[in-house]
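The values are calculated or read from the model by the stated rules, or taken from the named source; none is laboratory data. These figures come from a predicted structure and were not determined experimentally. Virtual Cβ from ideal backbone geometry, glycine too; neighbours counted across all protein chains shown. Ligands, DNA and RNA are excluded from the accessible area calculation, which covers all protein heavy atoms including side chains. Shrake-Rupley method; radii C 1.70, N 1.55, O 1.52, S 1.80 Å.
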Amino acid sequence: MRKKGLHDTPGYRIVADWLATKGFRAFAYQEEAWQHILAGKSGLVNAPTGTGKTYSVFLGAVIRFLNEHPDEYATRSNNGLQLLWVTPLRALAKDIGRAMEEVFTELGIPWRVGIRNGDTSISDRQKQKRNMPEVLIITPESLHLFLAQKGYADVFKHVRIVAVDEWHELIGSKRGVQVELALSRIVGLRNVHAPSSIDNTGASQQQTTNKKQQTSLSVWGISATIGNLDQSMDVLLAPVSVAFQVKPVIVRTNIRKQIEIDSILPDEIEKYPWAGHLGIRLAEKVLPILEQSRTTLIFINTRGMSEQWYHRLLTIAPELSGAIALHHGSIDMELRTWVEEALHEGKLKAVVCTASLDLGVDFRPVETVIQVGSPKGVARFLQRAGRSGHQPDAVSKIYFLPTHSLELMEAAALKEAVGRQQIESRDPFILCYDVLTQYLCTLAVSDGFYPAQVLPEIRSTHCFRELSDDDFASVLHFITSGGEALQQYDEYKKVEIIDGLFKITGRRIAMRHRMHIGTIVSDAMLKVKFISGGYIGMIEEYFISRLDPGDSFTLAGRQLELVMIKDMTVLVRKSNLKKALVPSWNGGRLPLSASLGAVLREQFGTAMEGRRLGKEASALQPLLQLQEELSHVPRPDELLIEQIETSDGFHLFVYPFEGRLVHEAAAALLAYRISKLLPITFSIAMNDYGFELLSDQPVPVDDSNVYELFSPDNLLADIQHSVNATEMARRKFRDIAVIGGLIFQGFPGEHKKARHLQSSAGLLFNVFNEYEPNNVLVRQAYQEVFDQQMEERRLRAMLDRVQRSRIVLTFPKRLTPLCFPIKVDSMRENLTSEKLEDRIRKMQQQLER
């Protein structure tokens, strides 16, 4: 007798017929995922943006329900939570919910979709609590808020499928760690009643129990392609693998999304380029692209530049007024929602946006994407390209517009990397004690926890699999008594132990904890409102504190005049001034990724060999020829070092092409090692291609010592000597202290200034350093400095590569095209933008003479 397959099930036939009425049929990879879901398996779906990843899991849940109730599905309501859908962005929740409701309506399934995030009203939350919808779409923060509710176990005990959408966006972040911990608890709820001590017969009984539990709970990740996809699946599904002793599956599609990449070339290539000035001058070249496309997304890397681009496009093409919009994270949510709705409905000709529109279900009218400036990573570029031509068979069209001429080389590298599918990995976080501290307090706020029960669950996650007994005991000691250093202070004695149950009983402590669940610690943000009423958006405190009443700035595409700051609100009126300050938000500059850096080094070599030159390398030939005449163009297996003497002093320029963060650490390391040879001081500058050491005396680097100066030996010790690691850890500790609940940021309406938060964190850091130097949160601060700020692993890999490379030392008579942008970056802090442009113009004229 033939085994019953997916196609023989009533649920599949109902869904296939419905798809056929819309002119669609399922892809092979979607059917493969549905088959695994029906078998109760867990896994990860990997497919490009715009190929139906969402439906590969969502419709699997629907088919399973239809199979279980083939005759009564249309009348079967109030089924309890069937599908828990975790999404990284609030905006995504709305899109996904809309798509799901459409399916339920057309199939006649009485399932309800609930959304749970920071925007969900109290009345909606109460309704969900009384009667859970079949589908709940939720962010990681709101999922932890749910775990902080009494009786959460009754809700999650019967959930059938947990889907984690856009997992590639969450892994390698503390939000990803939140997801790992939440999954460990949801999976753990299936094992609460399982026997804890087992003998030989008990083992087989346990395995049978686990097999049943496995079929009743499936966990699925949904991810675009990243370099470490297999590891990414293992990280997400570790709790499932450990608890149920099963191997998850990866479902891959063979659909290769067609992507057309075209570069917008300036009319004239500057031989001495510098970052940031060119892009907006090419705005006129964008207008024909907007004209020929139904809708275009213009991605800008920073919020400040997106404001400038929006104004510039309206200035040169006033007819776009009303047809062009601005979208970034600091604009009022209502306005952002309006823009998203208008995009769906095809009412807008163009939207100038930041990463705020990187992710989304389906903006069908978007035909074209323009990327202004390098995205600094292949994955980010592909994600943005996929916003156009979102249907599976459509071509994604993306234009690259450089902000300086050398970025054309990054465009060539992006084309090559996309063709090879050479995409970055996202390394998972390890031992985030701040997130663990917050999580344990979350469990203590709801029904409490027994350490012996939750410790195996916590260790089932990838993040905490190496958690030692001593460190776990330290975290417990910390949340119950403040640890060794803070045990004299009652406010740190949050959790009580009642007959072995760890529980928070104080209402005020519980309320404060619920308000601060989350791992995103942003700089202090102030609301911006018109003095006459009307909310505009949010601005960072550090920017607005530099302005005086009467000064003008731009936000949400408007020119505004500062009137006053009252409480946590910036009061403004409309400004008629033509010139206004553009807000700067911290974290605007993205470093070059390792994958793109490697391909970029190849592109420089290929350009000098003269074979198969693309339009970008061809356009850059005059610049590259000048670089070769004055110095050298480095090949992939070379490290170029230039030593130049100018009126400013003695410059050492080094070009590893490893990104700003690695160069910052490498520059400090090299400066320290040179200073051990003779007393010498340096000022440091860097960009994504290289770094500069500037001194008032000749720099002693030559053939005899250069390899030793770039040695990976004693790296950790030398890094600690080369930078003020303690000061960097102190600043890093602020975020850790906020996440770990050491610092309370205030109730709504209270204004606690960023510098007050920093001083509180600094005080605590000093106390721990003196009285409890082995504190887990302090250790974490130092580790994060090395791993994230200095990228110690990538720095070591770079030094290893240099040891295998040929180091080329040159002594140019003047500044070269490669070093010029680094030199300009070193001047930015001391000059206004207008004075900087004048100075650069004079330098360019002198160099070209």
Residues in segment 607-615: is at least one of a type in the set (Asp, Glu) and in contact with a helix residue (DSSP H, G or I) (Cβ under 7 Å, 6 or more places away or on another chain)?
-> no
Tell me the strands (runs of 3 or more DSSP E) entirely within segment 640-700 that contain at least 2 residues that are among the polar types (S, T, N, Q).
-> none
Count of residues meeting criterion [hydrophobic (A, V, I, L, M, F, W, C), more than 21 Å from Met843 (Cα to Cα) and open to solvent by 10 Å² or more (accessible area, probe 1.4 Å)] in segment 644-664 | 1
Name the one entry in Gly40, Gly52 that is small (Gly, Ala, Ser), open to solvent by 10 Å² or more (accessible area, probe 1.4 Å) and under 25 Å from Ile171 (Cα atoms).
-> Gly52
Within segment 170-182, residues under 22 Å from Lys94 (Cα atoms), open to solvent by 10 Å² or more (accessible area, probe 1.4 Å) and out of contact with any Asp or Glu (no Cβ under 8 Å at 6 or more places or on another chain) come out as none
Can you tell me which residue among Thr253, Thr315, Thr296 is farther than 30 Å from Ser618 by Cβ, in contact (Cβ under 8 Å) with a residue 40 or more places away in the chain and of a type in the set (Ser, Thr, Tyr)?
-> Thr253
Mind checking which residues of segment 455-475 are in a helix (DSSP H, G or I), open to solvent by less than 50 Å² (accessible area, probe 1.4 Å) and either touching a strand residue (DSSP E or B) at 6+ places or on another chain (Cβ under 8 Å) or under 10 Å from Pro239 (Cβ atoms) (or both)?
-> Glu457, Ile458
Go over the candidates Asp393, Asp427 one by one and state the one that is open to solvent by 30 Å² or more (accessible area, probe 1.4 Å), over 30 Å from His516 (Cα atoms) and of a type in the set (D, E, K, R).
-> Asp393
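Conditions (1) open to solvent by 30 Å² or more (accessible area, probe 1.4 Å); (2) closer than 30 Å to Ser173 by Cα, marked per residue:
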residue: Pro239; (1), (2): no, yes
residue: Arg252; (1), (2): yes, yes
residue: Arg256; (1), (2): yes, yes
residue: Ile264; (1), (2): no, no
residue: Pro273; (1), (2): no, no
residue: Arg281; (1), (2): yes, no
residue: Glu291; (1), (2): yes, no
Residue that is farthest from Glu770 (Cα to Cα), among those in segment 479-490 that are out of contact with any strand residue (DSSP E or B) (no Cβ under 7 Å at 6 or more places or on another chain) and open to solvent by 20 Å² or more (accessible area, probe 1.4 Å) = Asp490
Condition broken by Asp8, with the remaining ones in (1) in contact with a helix residue (DSSP H, G or I) (Cβ under 9 Å, 6 or more places away or on another chain); (2) of a type in the set (Asp, Glu); (3) open to solvent by 20 Å² or more (accessible area, probe 1.4 Å) satisfied = (1)
Exclusive hit being in a helix (DSSP H, G or I) and either under 26 Å from His158 (Cα atoms) or in contact with a Pro (Cβ under 9 Å, 6 or more places away or on another chain) (or both), set His7, His36 | His36
Hey, among the residues in segment 812-836 that are outside any loop (DSSP other than H, G, I, E, B) and surrounded by fewer than 14 Cβ atoms within 10 Å (Cβ to Cβ), which one's modelled with the highest pLDDT?
-> Lys835
Taking segment 445-497 as the region of interest, how many residues are among the basic types (Lys, Arg) and under 23 Å from Gln245 (Cα atoms)?
-> 2
Here are Ile497, Ile517: which of them is surrounded by fewer than 20 Cβ atoms within 10 Å (Cβ to Cβ), among the hydrophobic types (A, V, I, L, M, F, W, C) and not in a helix (DSSP H, G or I)?
-> Ile497
